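Novice: The structure follows.
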Amino acid sequence: MDPLHLWQGGHCAICGNAEPLVTDHDHETGLVRGLLCRTCNTNEGMNGLPGTVYSRYRERNPAQILGIRRRYWDPFRKEFARPAPPRQNDWDTTAGLM
């Protein structure tokens, strides 16, 4: 069985709910971070402000804790996520767009 599923015990890495979980990944690197409920996965993408539970999850997520470096498999595109190209500057919103 997958180490993330075993370690998280079927619970969301942020809120602990035992709902159907989705695989969360970092869009910059393409690496898996952990398993989240749909609510936390949506909120995590929109609320990464410093000091929030979402920013703390990004800094220290289950995959980091377990030493897992696995690329995210996109079930819709049927391919592994690719790392986003480096941003030109902090306000560059075009990185990762194709």
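Computed from the coordinates by the stated procedures, all read-outs in this text should not be read as laboratory data. What you see is a predicted model; the values in this text were computed from it and never measured. Every residue, glycine among them, receives a Cβ derived from its backbone with ideal geometry; neighbour counts consider all protein chains shown.
Novice: According to the Kirkwood expression over distinct Cα-Cα pairs, how big is the hydrodynamic radius of region 1-50, in Å?
Specialist: 11.2 Å
Novice: Which order, highest average first, do 34-43, 19-28 follow once you tally other Cβ atoms within 10 Å for each residue and take the mean per peptide?
Specialist: 34-43, 19-28
Novice: Sticking with this structure for a sec: Report Rg(Cα)/(2.2 N^0.38 Å) for region 1-84, keeping two decimals.
Specialist: 1.02
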